[in-house]
Amino acid sequence: MTTQFDIRFAIDPNSAAMMGTGELRENFLIDDLFVEGQVRWTYSHYDRMAVGGAVPGQDGLALEAIKPTGTVTFLERRELIAVNIGAAGTISVDGVDHAVGSRDMLYIGMGSQDVRFSGAGAKYYLLSAPAHARHPTTLLQQSGAKRLDLGSNATANERSIFQYVNADSVKTCQLVVGLTQFAPGSVWNTMPAHVHDRRMEAYLYFDLQPDAFVMHLMGEPDETRHLIVRNEQAVLSPPWSIHSGAGTGAYTFIWAMAGDNVDYTDVEKVGMDELL
Ligand SMILES: O=C[C@H](O)[C@@H](O)CC(=O)C(=O)O
Ligand SMILES: [Zn+2]
């Protein structure tokens, strides 16, 4: 089987608060996204976001339908963004080749039928959400992203947020995706923290050294839990949860949201004094 999937149920905050380490990891951590020769999906019931990995190797991979979507083709009623975290590759969409460089993203619109991933060193992180309209397939690059510089060196959270999906780059139905990079020595992401019940979020942590990890914080602001997250592992963040982390070393991450609106600024800030 070149395509595999697993399903994650939408856990409520009270259930999550009862969980130990193993249960939290089973429900919220995705630690096996990237396997050469496979497309691997985690299909979440949070906003029906599907989070995946595709590592084509020498042979290439096709985007195949999976049972949870209940459709003949994967993108019949969905949109997708593929983020290349590996070496340059190509994604062909209905016969048109798109060169997707390292850290480029390709938005692939609803109704696209024949999608093929290639590039011997390419590694694609996949995000897909239900769609209601067909928007054109569009290459998104860091140079076209909207940049937001936040934090400071003194609080170890100096970073640049690159909003690849923005008002000038592409219209999407649900997906809002970007990448966050740190100034040297800064390790805290998304602190001060926030929640946004309108949208779930997924984080992919990468560019970590093998022995490094991110201490990812989740849970309601007054009931926090943590996940130890290693290189190229992802986290599902429920709409009711904070999503913030500190690395034991350098890292980069990709954030992606789906839900009721596509307004990046529609968040509730959580005061530093509110966290418990
Ligand atoms: O809702 C937005 C997301 O949580 C991220 O964009 C936050 C982030 O990249 C950061 O603060 O470092
Ligand atoms: Zn967020």
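Quick note: the coordinates plus some simple rules give every number you see, no bench work behind them. What you see is a predicted model, and the numbers here were worked out from it, not measured in a lab. Every residue, glycine as well, gets a Cβ built from its backbone with ideal geometry; the counts of neighbours run over all protein chains shown.
Of note:
- When each of E201, E36 is scored by the number of other beta-carbon atoms lying within 10 Å, the sequence from fewest to most is E36, E201.
- Value of relative contact order over segment 133-268, rounded to a whole percent, pairs C-alpha under 8 Å and six or more apart: 27
- Measuring nothing but how far apart in sequence close Cα pairs (under 8 Å, 6+ apart) lie, relative to its length, the chain scores a relative contact order of 17 percent.
- Max mean-square fluctuation residue, GNM over the chain, Cα-Cα springs under 10 Å, options I254, I66, I161: I66
- Distance in nm between pseudo-label sites at D197 and I7 (7 Å out along the Cβ direction from Cα): 2.7
- Expected-Rg normalisation [2.2 N^0.38 Å, Cα atoms] applied to segment 142-245: 1.09
- From least to most packed, judged by other beta carbons within 10 angstrom and beginning with the fewest, S112, S143, S237, S152 follow the order S143, S152, S112, S237.
- Each Cα pair under 8 Å and six or more residues apart adds its separation to the average, and for segment 1-74 the resulting relative contact order is 31 percent.
- Per-residue ellipticity at 222 nm from helix content only, as computed over the chain with -39500 (n - 2.57) for each DSSP H run of at least four residues, stands at -1000 deg cm²/dmol.
- Remark: segment 1-131 carries a charge dipole of roughly 100 debye about the Cα centre, counting +1 on each Lys and Arg Cβ and -1 on each Asp and Glu Cβ.
- Whole-angstrom gap from segment 36-67 to segment 203-276, using each part's C-alpha centre: 22
- Taking S241, S186 and counting other C-beta atoms within 10 Å, the order from fewest to most: S186, S241
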